[in-house]
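The values are calculated or read from the model by the stated rules, or taken from the named source; none is laboratory data. Note that the structure is a prediction, hence the values are computed from the model and not measured. Cβ placement follows ideal geometry from the backbone for every residue including glycine, while neighbour counts extend to all protein chains displayed.
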Amino acid sequence: SAVISQKPSRDICQRGTSLTIQCQVDSQVTMMFWYRQQPGQSLTLIATANQGSEATYESGFVIDKFPISRPNLTFSTLTVSNMSPEDSSIYLCSAWRADTGELFFGEGSRLTVL
Amino acid sequence: GENVEQHPSTLSVQEGDSAVIKCTYSDSASNYFPWYKQELGKRPQLIIDIRSNVGEKKDQRIAVTLNKTAKHFSLHITETQPEDSAVYFCAAIPSGTGANNLFFGTGTRLTVIP
């Protein structure tokens, strides 16, 4: 399985600030994604991180609020901008390995906005 | 698009008993069906998956069955143990669309009572 390192693991932030989450994968993967998981809820796809180009966002998520970068195959960042308490959630990085056809998740970043 | 429904939302079983979680999907083109286990505060971990060219797959105490005609698939855990307690998510992905179209069920919280 691919090893995915994600940081920070948790953070407490003030309203109006921004936080960038980093994700590093140990092997070359074809696709990287960012999910959000509200407490007790399922996983909601935020966007697909595209290498060297703009991310592809799902309905309800926009680039101004969740800018994403993927400068190379194994690294991506998600920024949660101008945070409000409603952004308090777990954010999960994931990677798809085409050779095995499997999706793996990072440990997640638990964000609390006060 | 795909719609994945998962039942039950909660399940309690006595240690040693079997647990069954069921999912239905709407898109007949879906051909990959993974199951994830998420322990409290941990990442979702792939525990078993099945592709549309087989009807059943087994890995020790865990098995998954797929009925493409009825468009449903199930997770079976036999001889349950307390460490099986977690939230389980099913997912479905339509053929050829990539992991960005991985649709997750709403999750089942399994509690194994010692």
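Where strands (runs of 3 or more DSSP E) fall entirely within the stretch B:1-66, those with at least 2 residues that are over 24 Å from A:Gly40 (Cβ atoms) and touching a residue at least 40 places away in the same chain (Cβ under 8 Å) are at B:30-38. Checking each residue in the stretch A:21-48 for being in a strand (DSSP E or B) and facing chain B (nearest Cβ under 10 Å) picks out A:Met31, A:Met32, A:Phe33, A:Tyr35, A:Gln37, A:Thr44, A:Leu45, A:Ala47, A:Thr48.
Highlighted here are the strands (runs of 3 or more DSSP E) found entirely within the stretch A:55-109 that include at least 3 residues which are more than 10 Å from chain B (Cβ to nearest Cβ): A:68-72, A:75-80. So, in the stretch B:1-46, of the ones that are at pLDDT 95 or above and aliphatic (A, V, I, L, M), which residue ends up nearest to B:Ala92 (Cα to Cα)? My answer is B:Ile21. Of all residues in the stretch A:31-82, those that are in contact with a Lys or Arg (Cβ under 7 Å, 6 or more places away or on another chain), more than 16 Å from A:Ser18 (Cβ to Cβ) and among the polar types (S, T, N, Q) total 4. Taking the stretch B:12-53 as the range and being more than 13 Å from chain A (Cβ to nearest Cβ), in contact with a strand residue (DSSP E or B) (Cβ under 7 Å, 6 or more places away or on another chain) and surrounded by fewer than 18 Cβ atoms within 10 Å (Cβ to Cβ) as the test, the residues that pass are B:Ser12, B:Val13, B:Gln14, B:Glu15, B:Ser18, B:Val20, B:Lys22, B:Ala29. If you go through the stretch B:92-101 and keep only what is buried (at least 23 other Cβ atoms within 10 Å of the Cβ) and either at the interface with chain A (Cβ under 8 Å from one of its Cβ atoms) or at pLDDT 95 or above (or both), you end up with just B:Ala99. Take the stretch A:1-52 and flag every residue that is surrounded by fewer than 18 Cβ atoms within 10 Å (Cβ to Cβ), touching an Asp or Glu at 6+ places or on another chain (Cβ under 7 Å) and under 21 Å from B:Pro34 (Cα atoms). Of everything in the stretch A:1-52, just one residue is surrounded by fewer than 18 Cβ atoms within 10 Å (Cβ to Cβ), touching an Asp or Glu at 6+ places or on another chain (Cβ under 7 Å) and under 21 Å from B:Pro34 (Cα atoms), namely A:Val3.
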